[in-house]
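What follows is one structure encoded as structure tokens, with my remarks underneath.
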Amino acid sequence: MRASPVRRCPAPHAKIPSVSANDRPTGQQQTGTYDSAFLRACRREPVPHTPVWFMRQAGRSLPEYHKVRKGIAMLDSCTRPELVTEITLQPVRRHHVDAAVYYSDIVVPLKAIGIDLDIKPGVGPVIENPIRTRADLDRLRPLEPGDVTYVTEAVRMLVQELGSTPLIGFAGAPFTLASYLVEGGPSRNHEHTKALMYGDPQLWADLLDRLAVITSAFLDVQIEAGASAVQLFDSWVGALAPADYRRSVLPASAKVFESVAHHGVPRIHFGVGTGELLGLLGEAGADVVGVDWRVPLDEAARRVGPGKALQGNFDPAVLFAPREAVEAKAREVLDAAAGLEGHIFNLGHGVPPTTDPDALTHLAEYVHTQTAR
């Protein structure tokens, strides 16, 4: 059972301010999500239990997801509000997680402004004509709300269906979007990306700045339609050294976070393989820093510094181990998080496609049970 709130060692650093009901963000005000465990943890306030959600929980491993998406291309599925709503709700129904994450893809805003791309099964986003010259920048026009009316419609439908469960909007971070655009698709070593970043720093800066504007607009649309929080995914940024991140990426990421700050919703920043970048990820301006499984949460807190909540950081591969091992690893994560100002339990990356859904359901239940007071 869940009883009285647990105080997560709040510290005297600046927080997302508590506000009157009339001044709360639109989605939080209309649905009652403001006092949810998830949003309280984002604000580093006392929580009744450690909130749980899983990156890539919408889709991938769920049989009901594959059933409703059968015969529908990935990008097409992202433009159908009723389908987006159903897929986003599926893990909430099944796993009883504390937040839903909007079902989409990080390249959706690029497709919406006319970039010729597709998501190829087993490969990922593929760009027909990579962006590598100054003339190519002209193809990156600003995103307008009218470009993604299906997003507005889907978010509004979801907020209505979710009630007091928060909806997390999301977008790809400028570096990761740039990597896809420059490489022409997924890359292991990011040769073209780094060649542009080092070889033409001004063109690189202009490219990331345009992507920051597009990303900010995409998040604006989701927040204004009712999303209670947003997460910026920087899937490939772990390929950079800290000095390169500070010089060549931080300004664009910071611009995104600053651009949506006026909405007053929590902002989460997540990257993969970013142990050496954690302090810089926090410096970019997010309220919550996501941590992958490579760095324990107590050490991550030291690297990030005070004034931030942390999210993570269960190794997704452990989900394939016996239940006892899953519980032991979850206990290890919770113990490392015991002294944090705020903690949201999540995987250190996305749900693997072949994961047994029952393993996720049990993990969410275990965390709730172990942290209830």
Charged-residue dipole, Cβ positions (Lys, Arg, Asp, Glu), the chain about Cα centre, Debye nearest 20: 560
Among (i) 0.99; (ii) 0.94; (iii) 1.01, the entry that matches Rg/Rh (Cα atoms, Kirkwood Rh) as calculated here: (ii)
HN-Hα J in Hz across the range 180-190 - Karplus 6.51, -1.76, 1.60, θ = phi - 60°, x for Gly and Pro: 4, 5, 7, 6, x, x, x, 9, 7, 10, 6
Per-residue HN-Hα couplings for the range 117-134 [Karplus 6.51, -1.76, 1.60; θ = phi - 60°; Hz; x = Gly/Pro]: 8, 8, 9, 8, x, x, 10, x, x, 10, 9, 4, 10, x, 9, 9, 10, 4
Dipole-positive endmost among GLY199, PHE320, VAL272 within the chain (Cβ charges, Cα centre): PHE320
Paired Rg and Dmax values of the range 139-265, which use every Cα atom, in angstrom: 15.7, 50
Rounded Å value of the spacing that divides the Cα centres of the range 190-251 and the range 62-109: 25
Extreme residue, positive dipole direction of the chain, given options LEU137, PRO357, ALA301 (C-beta unit charges): ALA301
Backbone HN-Hα couplings from phi across the range 327-343 [Karplus 6.51/-1.76/1.60, Hz, Gly and Pro as x]: 5, 5, 5, 4, 4, 4, 5, 5, 5, 5, 8, 4, x, 6, 5, x, 9
Antiparallel %, DSSP beta bridges [both residues in the chain], to 5: 20
Computed helical MRE - 222 nm, the chain, DSSP H runs ≥ 4 contributing -39500 (n - 2.57), nearest 500: -12500 deg cm²/dmol
Tilt relative to the chain, helix 149-162 - C-alpha long axis, 0 to 90 degrees, to 10: 0
For ARG80, residues with placed amide H under 5 Å, excluding near neighbours: none
Packing-based exposure ordering (other Cβ within 10 Å, fewest first) of THR369, THR361: THR369, THR361
Amide H contacts of GLY290 (H built 1.01 Å from N, under 5 Å, at least 5 apart or other chain): HIS269, PHE270, GLY271, GLN311
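Every number here is computed from the coordinates shown, using simple stated rules; none is lab data. This is a predicted model, so every value here is computed, not measured. Counting neighbours? That spans all protein chains shown, and the Cβs are built from the backbone with ideal geometry, glycine included.
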